[in-house]
Each structure stands twice: as structure tokens, then as C-alpha cells.
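The structure appears right after this line, and notes come after that.
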Amino acid sequence: MASEKQIAANRANAQKSTGPRTAAGKLRSSLNALRHGLYARRFIISTEDDAVFRDFSRQIVDENQPSNVNELQIVETMIHAAWRRRRISEIIQARINEAVQQAIAQNPDAATDAVRLTQLATSQIETAAPSLLRQEAHEFRLAGIYERSLSRLQSMRRAAAREKQRIEANCSHVLFAANP
């Protein structure tokens, strides 16, 4: 059984452990899932490495330095689009390499003709499902999502900077008008 003194000490300590209180602290805390990869299961498949995803995510966060929740959501969208695009690019490359190896096996006389091998491999891929064109369309769509998100982030920051300048100009105007 705890004494009254221990109970009072526990209550005092509990008051100190209420989580972040400042906007900067809350933003830093909101990035914990991103830094630790807690939501990574939605984006990582069994053949991918969580640590690589965390490093990839951290690089994009560090490069873009989100300063509020809206910016963080945009950066998360960029991370997801870039990661999925990377995955599709690797799948496309693996399909092409496999098709080239099959073309060499089926047409040994074309082994030294890169153009012919590429044509044979591409023909083979196009008859398979899903088509290479469809996978490339997904790759371009994800690239567009990334670019639009980055553009939106930059636009939000420019608008915030203009608003800050407008407020500062109004404040200095008021200060100079008050002191003739």
C-alpha cells in the first residue's frame, strides 16, 4: 500500500507527463510515427526493408522541414508517392531484365544486338498482364502526385511569407504613425 507521501509524489509527477504543450513540441511529436515507421506497414511490402523506408522518409522530411500539420500531411503524401513510384520503377526494371534474359535464351543469335533484344523483350512484356504501359502510367501518376504536392508545399510557404511581410509592414506602419 502506498503512503500519502508516495501518492502525492506520483500525482505531482503525473502532472509533468502530459505530453508536448508547445506547437513545436506537438509537431515534433506528430513526426514520431514517421520517424519510427509505425505506419509503415501500409506502405512496406514483405520484400521491402523497414529501415530503408524510414531512412527514405527521414531524408524527405529533413529536406522539406514541415512546420505545421498541413505541411506534414503534404510531405507524407510526397513520401508515399515517391516510395510507391520507386517500387513500380523497380518492378518495371525487373520485368524488362527478365524479358531480356528470356529473349537471349530464345534467340541466341540476337544476344549481341541490343536494339533487337529490347524489341523482343518489349514485345514479350506487352503480351503479358499487367501491361508495361499500365505500370508506366502508374509510375507517371505517382510522379505527378509528388510534383503537385511539392508545388503545393512551396506555394503554401510563399503565401505564408507574403502574409508575414504584410503583417510586419502593417505593424511598422502603425508604430511609425503612433510616434510622430
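The values are calculated or read from the model by the stated rules, or taken from the named source; none is laboratory data. Remember, it's a predicted structure, so these values are computed and weren't measured experimentally. Here the Cβ positions follow ideal geometry from the backbone for every residue, glycine too, while neighbour counts run over all protein chains shown. These area figures cover heavy atoms from the full protein model, side chains too; ligands, DNA and RNA do not enter into them. Shrake-Rupley method; radii C 1.70, N 1.55, O 1.52, S 1.80 Å.
How many of the residues in segment 45-72 are under 22 Å from Arg87 (Cα atoms), small (Gly, Ala, Ser) and surrounded by 12 or more Cβ atoms within 10 Å (Cβ to Cβ)?
Count: 1.
For Ala103, state whether it is loosely packed, with under 15 Cβ neighbours inside 10 Å, of a type in the set (Gly, Ala, Ser), more than 23 Å from Met78 (Cβ to Cβ) and modelled with pLDDT under 90.
no
Filter the helices (runs of 4 or more DSSP H) completely within segment 36-141 down to those with at least 1 residues that are within 26 Å of the chain's Cα centre (by Cα).
Where helices (runs of 4 or more DSSP H) fall fully within segment 36-141 and carry at least 1 residues being within 26 Å of the chain's Cα centre (by Cα), they are 50-64, 69-106.
For segment 112-124, state whether one or more residues are out of contact with any Gly (no Cβ under 7 Å at 6 or more places or on another chain) and over 16 Å from Val100 (Cα atoms).
No: segment 112-124 contains no residue that is out of contact with any Gly (no Cβ under 7 Å at 6 or more places or on another chain) and over 16 Å from Val100 (Cα atoms).
Out of curiosity, is Ala110 of a type in the set (A, V, I, L, M, F, W, C), in contact (Cβ under 8 Å) with a residue 12 or more places away in the chain and either surrounded by 14 or more Cβ atoms within 10 Å (Cβ to Cβ) or out of contact with any helix residue (DSSP H, G or I) (no Cβ under 9 Å at 6 or more places or on another chain) (or both)?
It is false that Ala110 is of a type in the set (A, V, I, L, M, F, W, C), in contact (Cβ under 8 Å) with a residue 12 or more places away in the chain and either surrounded by 14 or more Cβ atoms within 10 Å (Cβ to Cβ) or out of contact with any helix residue (DSSP H, G or I) (no Cβ under 9 Å at 6 or more places or on another chain) (or both).
With the requirement that a residue be open to solvent by less than 50 Å² (accessible area, probe 1.4 Å), touching a residue at least 40 places away in the same chain (Cβ under 8 Å) and under 16 Å from Asp50 (Cα atoms), what does segment 77-88 give you?
If the condition is that a residue be open to solvent by less than 50 Å² (accessible area, probe 1.4 Å), touching a residue at least 40 places away in the same chain (Cβ under 8 Å) and under 16 Å from Asp50 (Cα atoms), then Ile79, Ala82, Trp83, Arg87 are the ones that fit.
If a residue must be open to solvent by less than 60 Å² (accessible area, probe 1.4 Å) and either at pLDDT below 90 or touching a Cys at 6+ places or on another chain (Cβ under 6 Å) (or both), how many such residues does segment 134-160 contain?
The total comes to 3.
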